[in-house]
Amino acid sequence: MTMKNYTFSAPAEQTDRDEAARQKAFLERARRDVDDLAARLGRRPTCHINTFGCQMNAKDSEKLLGILLAAGYEETESEDADLVLFNTCTVRDNADQRVFGRLGRISHYKKKNPAMKIGICGCMMQEPSNVERIRKSYPYVDLIFGTHNLFRFAEYLCEVLESDKRIVELWNATDRIVEDLPSDRKYPYKAGVNITFGCNNFCTYCIVPYVRGRERSRRPGEILEEVRTLVSQGVKEIMLLGQNVNSYGRDLGDDITFARLLKACAEVEGVRLVRFMTPHPKDFSDEVLTVIADHPNISRHIHLPLQSGSTRVLKKMNRRYTKEQYIALAEKIRKAVPDASITTDIIVGFPTETHEDVDDTIDVVRRVGFDNAFTFIYSMRRGTPAATWEQIPEEIKKAEFQRVLTVVQETARKQAERLKGKILPGMVEEVNSQTEGYVTARLSCNMIVHIPGDASMIGRIFNIRLDRCCGFYYFGEAVGEI
Ligand code: SF4
């Protein structure tokens, strides 16, 4: 199938430029506040962000850190800082507990340093019960805000620095997208780019649509502008981010689709690799596959969350595809892009799941031959429909999980072996902390390879020979830079 060229609209009114200008004015004010604080302390104030959860949160933390650094803070690895921010995740109940534990432990730093400010934001704060708990039991928390008003952080920072009052601001929703504020990218050579915010799918186990709100797509012109800017700054690899990237553009009332956006991003001059996360199987179009097949600089890695192989359980999960449809899609992917790896997420122990349902999941794992799978034991998430259903006993969940895991590991090992002896391009990401004299690279198909080298190779792309398969990663050697 060939694709028609698509003309992208120039950045339009979607971005709230007045709000961006307002926040920049607050940032100027925060700079003066931080300078005053530095004068009182006799040193530059320090900040630390604790990030929990997914890549969307990691991306949000880059924005928060960008504001803090622009305001004059210095980043530190330690929680013994002048400002500590918790960017929280609420996908699992135990993530909530970890946050409360960490929050409790840092109170002694504040006793030592009364000027210290503590803030908490992110998905957990979109749940009133969590906010209430912090209000009551953590009186030393100075700032609470949620996911929808994160772009107002510069404003809240001023308020926190200029008063001793606790600032709490939570919004239920927003249709605003505020861009062009500072962001501190974690890696100079790769960057995430948001394409959608929120989710409309309401899978019955998932809290995301409640805490991140309805799906909103950014305008393609703005996304492309960001990609071009990143490339001009030396970024080689772009990760397009959204809860369901395949439904990108549906809310724009335009002719734009994810396939067209993906194509346009891959064709930006200088982009070496485009990844995307996460596609929903129900919305995966043939057009996307054609674009991937036609563009070698689109990642040969498709993460396609299965969740369950049982059509009955999938229905209860509100996933809106059947076992057969999922397998047919995976076969189509293997045919259209034979060098792509397919990875997945699987939940075991979902309410009402039977031994036979798990057999179905195992059947899908075998038939698709996943290159890797993140397998989770279902954990009840308060506030979701599935949390109100009868739960499977823990020991059954654990036994079924083990059955799935064994097959997942078998399959992944077999798939990894297929790469042995091949020479494939990969970007060096970091110095290997386990094996001296080695660095770690990631291939387009997401396989990790350890190769001899040093820090000067970070961010560079090499042809890598895959010599020794160690299950889920390789040892190999660079045979030339590309
Ligand atoms: S697609 Fe389903 S699992 Fe993914 S974020 Fe949306 S509701 Fe949650």
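Taken together, the values in this text are just the output of simple stated rules run on the coordinates, not laboratory data. As the structure is a computational prediction, the values presented were derived from the model and not from experiment. Positions of Cβ are generated from backbone atoms using ideal geometry, with glycine treated the same way; all protein chains shown enter the neighbour counts.
How would you classify the range 17-169 from its alpha-carbon gyration tensor, with a ≥ b ≥ c the square roots of the eigenvalues: rounded for a/c under 1.5, else prolate if a/b is greater than b/c, otherwise oblate?
Here the range 17-169 falls in the oblate category.
Please work out how much length the chain gains when fully extended from residue 165 to residue 477, using 0.36 nm per residue of separation minus the C-alpha to C-alpha distance, in nm with one decimal.
Taking 0.36 nm per residue and subtracting the Cα distance, the gain is 106.6 nm.
Consider just the alpha-carbon atoms of the range 423-481 and return their Rg together with their Dmax, both in angstrom.
9.8, 28
Tell me the mean residue ellipticity at 222 nm calculated for the chain from its helices only (DSSP H runs of n ≥ 4, each -39500 (n - 2.57), averaged over every residue, nearest 500).
-11500 deg cm²/dmol
What does DSSP give for the chain in terms of the percent of beta bridges that are antiparallel, rounded to the nearest 5? Let's see the in-between values first.
Details: 23 of 66 bridges.
Around 35 percent antiparallel, to the nearest 5.
Apply the Kirkwood formula to the chain: the hydrodynamic radius equals the inverse of the mean of 1/r over all pairs of different alpha-carbon atoms; give it in Å with one decimal.
Values: mean 1/r = 0.0415 Å⁻¹.
Evaluated on the chain, it is 24.1 Å.
Using label points projected 7 Å from each Cα along Cα→Cβ, tell me how many nm separate residue 433 and residue 18, to one decimal.
4.7 nm
Please list, in order along the range 369-378, the HN-Hα scalar couplings obtained from phi with the Karplus expression 6.51 cos²θ - 1.76 cosθ + 1.60 (θ = phi - 60°), rounded to whole Hz, x for Gly and Pro.
Result, rounded to whole Hz: x, 4, 6, 6, 8, 8, 9, 10, 7, 4.
Given 46, 103, 406, which one lies farthest toward the positive end of the charge dipole of the chain, if we put +1 on the Cβ of every Lys and Arg and -1 on the Cβ of every Asp and Glu?
Checked the options; the winner is 406.
How do 228-241, 413-426, 364-377 rank on mean C-beta neighbours within 10 Å, highest first?
Output ranking for 228-241, 413-426, 364-377: 364-377, 228-241, 413-426.
How large is ³J(HN,Hα) for each residue in the range 248-255, as worked out from phi by the Karplus curve 6.51 cos²θ - 1.76 cosθ + 1.60 (θ = phi - 60°), to whole Hz, x for Gly and Pro?
3, x, 4, 8, 8, x, 10, 9
For the range 50-59, take each phi angle, set θ = phi - 60°, evaluate the Karplus expression 6.51 cos²θ - 1.76 cosθ + 1.60, and give the result in whole Hz per residue in order, putting x for glycine and proline.
Once θ is set to phi - 60°, the couplings for the range 50-59 become 9, 10, 10, x, 8, 5, 5, 5, 4, 5 Hz.
Please give me, ordered by residue number, the chymotrypsin sites (Phe, Trp or Tyr not before Pro) of the range 444-482 that lie in loop per DSSP and have at most 15 other Cβ atoms within 10 Å. Write down the numbers at each step before the final one.
Values: sites: 462, 472, 473, 474, 475; in loops: 472.
Those satisfying the criteria are 472.
For a quick size check, give me the Cα extents of the range 303-418 along its three principal axes, largest first, whole Å.
Sorted largest first, the three principal extents are 42, 27, 23 Å.
If Rh is defined by the Kirkwood formula over all Cα pairs and Rg also comes from Cα, what ratio Rg/Rh do you get for the range 104-177?
0.98
Once every Cα of the range 234-273 carries one equal point scatterer and solvent is ignored, give the base-10 log of I(q)/I(0) from the Debye formula at q = 0.17, 0.26 Å⁻¹, two decimals.
Log-scaled intensity ratios, in q order: -0.50, -0.91.
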